[in-house]
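Chemist: My questions all concern the structure below.
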Amino acid sequence: MEHARLQLVNKLFNDRPKSYKYNLFQMKLLIDRLTQHYNLTDYKQQRHNLAFVTVDKQLSPDIITHLRDYEGFSHFVLLSCVDWIEDDKLQLTYLLNQPNHKYEIGVRVLIDRKNPEMVSLHKMWKQIWTYQRELHEAFGIIFPGSPRLEENFVLEGWTEKPHMLRDFDTKEYAERTYFPRPGRTSNDPATYMREKLYPNQPVTAKTNKND
Amino acid sequence: MINSFLGFKPDRSLYPKTNAEGKLEIDLSSHQYTKLWLGPNHPGVTGNMAMELTLNGDEIVEGKTHVGYLHRGFEKLIERRLFVQGFPTSIRMCVAEPDTNEYLIAACTEELSGYDKQVPEMAKWLRMLSLEMARLQGLLRGVPGQAGTFSLGIGVQWGTYLRDLILDRFEELTGARVYHMYIIPGGVRGLLPDGFKDRMEDNLKEIDQFIIKIRKLIFNNAVFKTRAVGLGVITPKMVDQYGIVGTNARAAGVKRDVRKDNPYLFYDLLDFDPPTATEGDVYARTWVRWQELIQTVDLIRQIMAKMPEKGEIRAQMPNVLNWRIPQGETYVKLESGRGEYGLYYVTDGSDKPRRVNLRGPSYTHGIALLEDMLVNTNIADVHALMVSLQVCPPEIER
Amino acid sequence: MNIKDIFTPFTVWSSVLKDPVTIKNPIGREAAPRYRGFHYNDINACIGCGTCEAICENQAIDLVPVEGIVTKSGDSGLRPMVDYGRCCWCALCVDICTTASLRLTNAYTWVDTDPDNFRFIPGVDKKDWDEVQLGWRKPEPNYSFYGLHRQHMGELHAEDRKSSFIEFVQGYSKEQAQQEADRCVSCGICVATCPAHMGIPEYIKAIRNDDMEEGMRILYETNPLPEICGRICTHKCEDVCSIGHHGDPLSIRWLKRYIADQIPTDVNTYQDILGTGNLAKNGKKIAIVGSGPSGLSAAHYLALLGYSITVFEKLPAAGGMMRYGIPEYRLPYDQIDKDINYIASLGVEFKYNITVGKDITLDQLSKDFDAVFSGTGLHLGRSTRIPGSDNENVYQSVDLLRDIVTGKPVPVMPKVVVIGGGNVAMDITRSMARLQMEKYGKVDVLATSLEDEDFMPADREEIVEAREEGCTIVPGYGPQEVVLENGKLKGLKVWKCLSIFDENKAFNPKFDSAQERIFEADMVIESIGQGMDLSYLTEEIKSKIEFNNRGRIVVDADYQAKGLPWLFVGGDIIEGPDVIHGIANGHRAAMGIDRFLNG
């Protein structure tokens, strides 16, 4: 029994790398083909079957259409947004799946965080308008022409800023909106022990400096 | 089929006209239409979801899905927590199969921190076992549940009992019945208890009998056939148009299964072939799921036979309180009972994730697809459609 | 559809006479042995470290004081209180619990009408399930939320190190230090136990962040001798380390050394990092007697406050016991100089070869300076006073260790017996081994102590390392007589020690004369403790101040001598003996002097 199991696992570790290599090879070819047409930056092969590329905002509808119509990325997986508040950018990630070769590509588009606007792709896949509606509510991104964009998605009657932005503080909102349970206090062990055991002993160095 | 059986012929002249923008022109004041809210509190609706229906008689001319009544902002909550604290929150994003969320959080954090190679073999088998058990308990509710939407309740009662037996096994293995919190970054949280396999085998034998009984009850049932055949047809062309995955796609003849296409864990060591159908209607989807039930029982038997007797359960990971993951992003997916279930995970080098985005199959099935499918159906078919697409609202709201 | 479809569903009628499931499996069954039910905490094992609170993703745990549990070294006296309004029973608190005291029982039913009852202290507030043994416990083994094993410290091989005095502990590499720092759960239990109350979790965090300058600033808040302490501190903090309850305690001392080692020797770099290049003088002068750890610590913190400091040292270099007592293989001289040079760069003046009481009187100092700090240490060796101990070949370890440093010729004989089981005894044992290696090419040193092996006061690693270097350690014997033959030393007669303390816990060893052994020796070294030399205090001063029953000067919380306001006393003659106590009370005396002079 144990022997048979080990044989199985060994088989797996022999077979998997081969298919991984094939997958990687296919993805490399794909990226080569794409770079002939488009300017891809930040190409990263995350896994044997998953790569991320960054493209220009203006080029992105074009490249996504190209991927769908000429490269067989017929399955639209996900549209997501990441808030890079430090760089003042929102990153839209269009994740596409190629069902024949069974690999995925993530197309990243960086848009301005202050004026977030992106071309609507609702005509390309029928579920995209849902994602766009959600991102409009969660990040405040405008997709002109996207159906039912202004309708509430999960938050009815929301008046605060878009809740998935990094600078929306969930905890602060919860404390402001709901009431905390009264009588809850906690102690930090180190501070508590100092108060109990050595309240007057120096724990920092005092300095007298020239200004 | 249903329409012809009941001799019902809709009068299309009474339907609302579409305007130049392609939108329906519905004038509620004409007394020709009724607005009906189905849910969020309705026994036929799985989870807390509402459907805003516009009716012409008892026919639906427009349907809109509304979510957000139960769970909100879990992704945001996970973004504000340490990597190890993510999995107890994540399970709430789909109650029907909570283990899938745990696995995705664990797999994403392991991949981005470079510990995916260190996960012990035993832990991987146990992860697979708990994922298949989760699928099994989901199907035990889902298959008879489809008949339940046509008021055939007896199967649901049998299924609920058997599901409870699987929950007993979950309780033994993971320490909880529904929110298992078993798969943790680095491995799992416990070995199989003594005698687990025997008790599991006893349960599987009961389920084998149930599988036969349910076939007689549902699939050779005149009422079920009348109602389900021809309802909510998904054509192969729609699969890519709407992003349909899982059993819904397989019932339409598009054979896609993440376990086969992009094998994770040790699924390529198991001997199975995802069942398919060609009709793409509610009957076909239920039939595919029933076959998947047989297959899942077989898979659990295979896993229990093939897994090692003992081994390490968790890799030595960094201290969970100080764990930082370098900047990176990934998308990990698995095949849940409802289809491709994935997690887009972005880290920024700090001790908390930058973005966690769950891609649940219900996101497309429950909104874009369901809304389009509702049109021209009867009000009594709404629940059947929703259950047949296996819509789980929490994974839409997240 | 055919006629079969009408009749097949009626097969369900076959179950009509079966018992319902609710009769087969009635309500009230016990939960699975691993079930995650209500909390129970073994409050005697719990140390209140608060890691449960840190990992709780729902903020369901508060740390609260509990009546009857005293805050003491290694135990914060706090205990977790769980709020079941927030708890999600994920049991992360159990999995991380450093003492494995917290667990979840498999009890799962509890009805109460008062919602406030669902906030309680497990283990303190009595509950029905307190005796339940089944439930979720920390999974064992090889399942841990933090590293259980410390990073291995690179050392020279015993064969290499015993032939020279070069430092044999190699220090952590960056990778090792970060992995070791990663094990810390930042509970802060250690801070209270450290005599200087160093910010241990903070500087370990600085290592994790690879911010050595920040680490250095944190070290200097409470400890001006990090290079020295990073090597030879008695690391009492590691004894109470919370993760040491189930695993190796954190190598706090080596991590401290790692930070200090990363900073270049140049004093200007030190001043830049610590921001001490621009200190303002306040015009007051302080004399410090003795340049040991307490004196240097007081000098450093007073210099930061702007005082002009003069340090009087009897010996030709600063450092006290750190230089003249601790062998070079544990603490190299350049590392002592690194710390002391920075203190000197703050404007502290050192006067060497001046013995207070002989070259200058204490009275004179009190007139020339605004205040005097005295940290003169324990430099007199204690004798066993056994017959024959007045022989010329019976030596005191402190004298020999000092002579090794100053370069005086040290007598080395082929067979050496050391009396004593403390760190100083180990120091002289291992030093003599090195000297024998140099002179004879082989090691023959034997150390014997009263205490059993498990109770020897020396650090465990010192004993192990001494043995590795070829020394013999024979614990559990009491010296009775130095065996002489025609006035020539032949050996040491010892008896098996049965007990050291009597019923009143007073030192009163009992021996078994039947178990007698004679250790052959050409030379016996006594290392059973040191005494203080207070001869620099004149009779007039002595009459003003008070002494306690152990002969120590009575001081107040500011280390100000009772009866003589200008005299502050610290170091080994008050507390210890060890370096970190000296540093701590030097700092506190500095604050006391500042309060005394500036109100």
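The values are calculated or read from the model by the stated rules, or taken from the named source; none is laboratory data. Since we're looking at a predicted model, the values are computed, not measured. Counting neighbours? That spans all protein chains shown, and the Cβs are built from the backbone with ideal geometry, glycine included. Surface areas here come from the heavy atoms of the whole protein model, side chains and all, with no ligands, DNA or RNA. Shrake-Rupley method; radii C 1.70, N 1.55, O 1.52, S 1.80 Å.
Chemist: At 4 °C and 1.567 mPa s, grab the translational diffusion coefficient of the range B:63-198 from Stokes-Einstein with a Kirkwood Rh over Cα pairs, rounded to a whole number in µm² per second. Let's see the in-between values first.
Modeler: Working: Rh = 16.3 Å.
Answer from the Stokes-Einstein relation: 79 µm²/s.
Chemist: Related question: Can you tell me which of C:536-546, B:83-93 comes out highest on packing, and rank the rest after it, using the mean Cβ neighbours within 10 Å?
Modeler: Numbers: C:536-546: 13.9, B:83-93: 24.8.
Ranked from most to least packed, the peptides come out as B:83-93, C:536-546.
Chemist: Rounded if a/c is under 1.5, else prolate if a/b is larger than b/c, else oblate: which is chain C, with a ≥ b ≥ c the root eigenvalues of its Cα gyration tensor?
Modeler: Numbers: a/c = 2.33, a/b = 1.76, b/c = 1.33.
Prolate.
Chemist: Given R₀ = 45 Å, what would the calculated FRET efficiency be for A:E175 paired with C:D454, taking r from the Cβ atoms and rounding to 0.05? Show your work: numbers first, answer last.
Modeler: On the way: r = 54 Å, r/R0 = 1.19.
Computed FRET efficiency for A:E175 and C:D454: 0.25.
Chemist: Could you state the per residue volume, in Å³, of the convex hull enclosing the Cα atoms of chain B?
Modeler: Working: hull volume 55.8 nm³, N = 398.
Per-residue hull volume (Cα only) is 140 Å³.
Chemist: May I pose another question? Sorted by packing (mean other beta-carbon atoms within 10 Å per residue), highest first, where do B:216-227, C:40-51, A:16-27, B:181-192 land? Let's see the in-between values first.
Modeler: Working: B:216-227: 19.9, C:40-51: 22.2, A:16-27: 14.1, B:181-192: 24.1.
Going by the mean number of other Cβ atoms within 10 Å, highest first, we get B:181-192, C:40-51, B:216-227, A:16-27.
Chemist: Further, regarding this structure: Using only the alpha-carbon atoms of the range A:65-149 as identical scatterers, what base-10 log of I(q)/I(0) does the Debye formula give at q = 0.10, 0.22, 0.23, 0.26 Å⁻¹?
Modeler: -0.25, -1.04, -1.11, -1.28
Chemist: Ok, one more. Any chance you could count the Lys pairs in the range C:383-528 whose alpha carbons are under 15 Å apart, treating pairs 8 or more apart or on different chains as valid? Please report the intermediate quantities before stating the final value.
Modeler: Working: C:K415/C:K439; C:K415/C:K442; C:K415/C:K488; C:K415/C:K490; C:K415/C:K493; C:K496/C:K510.
Pairs that pass both the separation and distance tests number 6.
Chemist: Further question: Note down the Stokes-Einstein diffusion coefficient of the range C:159-263 in µm²/s, whole number, using a Kirkwood radius over alpha carbon pairs, 20 °C, and 1.002 mPa s. Spell out each step's value before the answer.
Modeler: Values: Rh = 13.9 Å.
Result for D is 154 µm²/s.
Chemist: Among the complete DSSP H segments of chain A, which ones combine at least 24 Å of alpha-carbon extent along their axis with a mean Kyte-Doolittle hydropathy of 0.0 or more? Walk me through the numbers on the way to the answer.
Modeler: Numbers: long enough: A:2-37 (53 Å, -0.78).
Qualifying helices, which must be both long enough and hydrophobic enough, do not occur.
Chemist: By a straight-distance test (C-alpha under 16 Å), which aspartates and glutamates pair with B:K225 as possible cross-link partners, with residues fewer than eight away in the same chain excluded?
Modeler: B:E279, B:D281, B:D381, C:D5
Chemist: Once you have the alpha carbon radius of gyration of the range A:1-64, what is it after dividing by 2.2 N^0.38 Å, with N set to its residue count? Could you put the intermediate results ahead of the total?
Modeler: Working: Rg = 17.7 Å, N = 64, 2.2 N^0.38 = 10.7 Å.
Normalised by 2.2 N^0.38 Å, the Cα Rg of the range A:1-64 equals 1.66.
Chemist: Which three extents, in whole angstrom, do the alpha-carbon atoms of chain A cover along their principal axes, largest first?
Modeler: The Cα atoms of chain A stretch 73, 61, 49 Å along the principal axes, largest first.
Chemist: Report, to the nearest whole %, how much of the accessible area of the range C:39-136 belongs to carbon and sulfur atoms, 1.4 Å probe, protein only. Don't skip to the answer; put the middle values down first.
Modeler: On the way: 1930 of 3870 Å².
Of all accessible area on the range C:39-136, carbon and sulfur atoms account for 50 percent.
Chemist: While we're looking at this one, here's another question. What does the charge add up to near A:H101, with Lys and Arg as +1, Asp and Glu as -1, over the other residues with Cβ less than 11 Å from its Cβ? Mind dumping the intermediate values first?
Modeler: Values: positive: A:K102; negative: A:E71, A:E104, B:D261.
Local charge sum for A:H101: -2.
Chemist: Step by step: find N for the range C:497-599, compute 2.2 N^0.38 Å, then divide the Cα radius of gyration by it. What's the final number? Could you put the intermediate results ahead of the total?
Modeler: Numbers: Rg = 19.7 Å, N = 103, 2.2 N^0.38 = 12.8 Å.
Dividing the Cα Rg of the range C:497-599 by 2.2 N^0.38 Å gives 1.54.
Chemist: Between the helical axis of B:282-306 and the dominant principal axis of chain B, each derived from Cα atoms, what acute angle in degrees is found, rounded to the nearest 10?
Modeler: 10 degrees
Chemist: So which of A:K21/A:K57; A:K123/B:K76; C:K358/C:K542; A:K171/B:K76 end up more than 20 Å apart by C-alpha? Let's see the in-between values first.
Modeler: Details: A:K21/A:K57 32 Å; A:K123/B:K76 29 Å; C:K358/C:K542 17 Å; A:K171/B:K76 11 Å.
As for pairs spanning more than 20 Å Cα to Cα, those are A:K21/A:K57; A:K123/B:K76.
Chemist: In whole angstrom, how far apart do the alpha carbon centroids of the range C:526-599 and the range C:1-52 sit?
Modeler: Cα centres, the range C:526-599 to the range C:1-52: 71 Å.
Chemist: Additional query: Given a 1.4 Å probe and no ligands, DNA or RNA in the count, how much accessible surface is buried by C and A, both sides, to the nearest 100 Å²?
Modeler: Working: alone 28320 and 14980 Å², together 40360 Å².
For chain C against chain A, roughly 2900 Å² becomes buried.
Chemist: With a bin width of 5 angstrom, please list the P(r) values of the range C:188-319 as percents of all Cα-Cα pairs, from the 0 bin to the one holding the largest distance.
Modeler: Taking every Cα pair in the range C:188-319, the percentages come to 2, 10, 17, 20, 19, 14, 9, 5, 2, 1, 0.
Chemist: Working from the alpha-carbon coordinates of the range B:305-398, get Rg over Rh, Rh being the Kirkwood radius.
Modeler: Numbers: Rg = 19.5 Å, Rh = 16.7 Å.
Across the range B:305-398, the Cα-based Rg/Rh ratio is 1.17.
Chemist: A follow-up question, please. Classify the range C:396-539 from the C-alpha gyration tensor, please: rounded if a/c falls under 1.5, else prolate or oblate depending on whether a/b exceeds b/c. It would help to have the intermediate numbers written out before the result.
Modeler: Details: a/c = 1.43, a/b = 1.14, b/c = 1.25.
Rounded.
Chemist: Report, in cubic angstrom per residue, the convex hull volume of the C-alpha atoms of the protein assembly as shown. If you can, show how the numbers build up before the last one.
Modeler: Working: hull volume 286.1 nm³, N = 1208.
Enclosed volume per residue, from the Cα hull, is 237 Å³.
Chemist: So how far, in whole Å, is the C-alpha centre of the range C:404-482 from the one of the range A:30-46?
Modeler: Taking the Cα centre of each part, the range C:404-482 and the range A:30-46 sit 70 Å apart.
Chemist: Which shape class applies to the range C:39-136: rounded if a/c is under 1.5, otherwise prolate when a/b exceeds b/c and oblate if not, where a ≥ b ≥ c are the square roots of the Cα gyration tensor eigenvalues? Show your work: numbers first, answer last.
Modeler: Details: a/c = 1.44, a/b = 1.36, b/c = 1.06.
It comes out rounded by the Cα gyration axes.
Chemist: Between the range C:157-202 and the range C:307-345, what is the separation of their alpha carbon centroids in Å?
Modeler: Rounded to whole Å, the Cα centres lie 21 Å apart.
Chemist: With Kirkwood's inverse mean 1/r over C-alpha pairs for Rh, give me the Rg to Rh ratio of the range C:419-466, two decimals please.
Modeler: Details: Rg = 11.0 Å, Rh = 11.0 Å.
Over the Cα atoms of the range C:419-466, Rg/Rh equals 1.00.
Chemist: For the range B:308-376, which GluC sites (Glu not before Pro) are both in a DSSP coil and crowded by at most 13 other Cβ atoms within 10 Å?
Modeler: Working: sites: B:E309, B:E312, B:E329, B:E335, B:E340, B:E371; in loops: B:E309, B:E312.
Within the range B:308-376, the qualifying GluC sites (Glu not before Pro) (loop, at most 13 other Cβ atoms within 10 Å) are B:E309.
Chemist: Moving on. Once the convex hull of the alpha carbons of the range B:142-230 is built, what does its volume come to per residue, in cubic angstrom?
Modeler: So the per-residue hull volume is 114 Å³.
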